[in-house]
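Encoded as structure tokens, the structure appears first; notes follow it.
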Amino acid sequence: MQKFFSVGALALALIMGMSSCSKEKGNTPDTPESNLDTYVGVRIAFSGVEGMRALPDDHNKKFDEWKGRDEIKKITVYLVNETKQRVDFSTFNEGSFEGIQDGFLKPTLAVKATEGEKVKAYAVINDLKDLTKNLATVAWDQFDAKFKELELTVASIADVATYNGGKEIVMMTNDKEAAAITVDKATKEEAINGIKNRADIVVSRVVSRAIMTKDESLKEENKPTIKVKNSNGKEISTITITDIKYAVGQSNRKFYNMHKNDWTTPDPVYSYVPSGNDWSTNNTNFDYSDLKTPQQLQAITYGQDGVHKALGAEEFSKFVLPVTHKTGNYKKGNMTYFELTCKFTVDKLYSDATTFTENVSNQDVYLGMGDGKFYTSREAAKAAYNQQQATKYKAGVMKYVLWLNPNGGYAAETKITESPTVRNQVYHAHISGFKEIGVPNNPLNPDDPNDPENPENPINPNDDPETEKTYLSVSIRVLPWTIHSYSVDLGNRY
């Protein structure tokens, strides 16, 4: 993949002093020490694509970046003073700034410093759970390494990213190496305006956002349908699709405070390759919390304008933490996915070989795997056609599982072998249609196990991302957020 670029560009202009302590502060600076004779400006910037390192390839990269809808609640700036061999830090609360304007946080804050000192600047934004609080006790000569290597664990994604009233409150940290500056003599105005003593901090969000949309033709008033075939490939039944919703699952629960140059993610997830029955115990290392709150897909015309509008219009946000593995180690049970759920209405529901009721929904139905008809019970399906197997769909609900960032995308003929996700991206999947009925459950959700009486579900945690059996057509892209996007005509491409 070529680069996975940083999502957007936030620039905070903060003017920080060398004598700051570990205390809350607003716009009022600390009481100056007698030797403080100048000012330092620390500018925190969301830089977009500038200088971002990335994976070897950038799957599904498409569309211009999206600026986002960030809200800044809290900023902690650390100044590593290499001259005095100390770390000074200050936390700015919400009352210290007005918001983001033209990529910068306004207003600029100014604090005195000492001329001739050499400093490096680091920032942590929106760490509302104080995950990085231990940085306050790190020695100056160990700070850079600790800032990069710090592994953080969340109970769920909500610890680092939430949606509130049209805004997203997302944790952010340094994206680039901290550059050392030597402090010169400067007035407060010169520091504020960046004329002298400006230390730039480029930050990126620690999470990515995931979003699904659907084609206008899939609106419920258009009554989209799927033809269900028998074992010989003949179309037998018709189902009408309603209530299309999506969620995300199998996100990471650990992340590095600052991303690695090669985008590796923390163990145990990075090294985990499902085998045997171990997924049932190792899935605790992943986050499935979003699966409890599926949301409706917006209907759009697929393209940059439609995707950008959808990102801003969603009255919720779905976030994920990065998941990467060594090449060849990607399996169904260790990659982050979209889960798409739909209700469906059966055109004919049979109680025996010839008796049926029309247009049935919201009840358990059994699909005969031989004759392609829907039945009221497994026994009825067996009796009607050669003791055939039948798949139970609880309450007339079917599901599809799609990877967030598959190499090749679903529209390509190339078999999917990986789906790496990194920080500060938008992963977007657009549903253009449905080619065949989905699966009855999602075996990659610990709370949605297989029904032992159903035929084998094609989704197995131990399998490669795509096996020989393919049904799905999708299109994908990622967004500054940098956008990755694809479009898909849904089947069961597992």
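The values are calculated or read from the model by the stated rules, or taken from the named source; none is laboratory data. Nothing here was measured: the structure is a model prediction, and the numbers come from that model. Here the Cβ positions follow ideal geometry from the backbone for every residue, glycine too, while neighbour counts run over all protein chains shown.
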Of those in the stretch 232-257 that are surrounded by 14 or more Cβ atoms within 10 Å (Cβ to Cβ) and in a loop (DSSP other than H, G, I, E, B), the residue nearest to the chain's Cα centre (by Cα) is GLN250
Going through the stretch 159-217 in order, the residues found to be in a loop (DSSP other than H, G, I, E, B) and either of a type in the set (Phe, Trp, Tyr) or closer than 30 Å to TYR288 by Cα (or both) are VAL160, GLY165, GLY166, MET171, ASP175, VAL206, VAL207
Condition set assigned to a loop (DSSP other than H, G, I, E, B) and at pLDDT below 95, scope the stretch 302-336, selection surrounded by the fewest Cβ atoms within 10 Å (Cβ to Cβ): answer is GLY303
Margin query: I'd like to know if the stretch 110-118 contains one or more residues that are modelled with pLDDT of 85 or more and not polar (S, T, N, Q).
Written below: yes
In the stretch 195-231, anything of a type outside the set (Lys, Arg), farther than 30 Å from PHE374 by Cα and surrounded by 14 or more Cβ atoms within 10 Å (Cβ to Cβ) is listed as ASN197, ALA199, ASP200, ILE201, VAL202, VAL203, SER204, VAL206, VAL207, SER208, ALA210, ILE211
Exercise for review: State whether one or more residues within the stretch 383-400 are under 30 Å from SER485 (Cβ atoms), assigned to a loop (DSSP other than H, G, I, E, B) and either in contact with a Gly (Cβ under 7 Å, 6 or more places away or on another chain) or basic (Lys, Arg) (or both).
Suggested key: no
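Taking the condition acidic (Asp, Glu), modelled with pLDDT under 95 and not in a helix (DSSP H, G or I), does ASP262 pass? Even if it seems obvious, please write down each step before you answer.
Details: acidic (Asp, Glu): yes; modelled with pLDDT under 95: yes; not in a helix (DSSP H, G or I): yes.
Here the answer is yes, as ASP262 does meet what is asked.
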